1. For the ranges 3-11, 18-26, what's the packing order if you count other beta-carbon atoms within 10 Å of each residue, average per peptide, and put the highest first?
2. Using the beta-carbon distance between residue 8 and residue 39 and R0 = 25 Å, what value does 1/(1 + (r/R0)^6) give for FRET efficiency, to the nearest 0.05?
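Please treat every number below as a calculation from the coordinates, not as lab data. Model, not experiment: these values are computed from the prediction. When we count neighbours, we look across all protein chains shown, and the Cβ atoms used for this are built from the backbone with ideal geometry, even at glycine.
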Amino acid sequence: MGRKVNLTLYVDKNLVREAKELGINLSAFFEIKLREYLALVKSEGNSPARIRTGVAGSRVPQD
């Protein structure tokens, strides 16, 4: 694992509240999902602008 950096994200406050209530570690969640997204972009040769995620992280190409 690489070195960590501080990052500021702007997220809907209700989502943050609900995640905290459920005990979700948002830093760990973001890191996992970012790794998955980067792997998707690299494996399919897509640019990030052409990939949009839907429910449960399903891949939906943009028109």
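1. 18-26, 3-11
2. So, using R0 = 25 Å, E works out to roughly 0.55.
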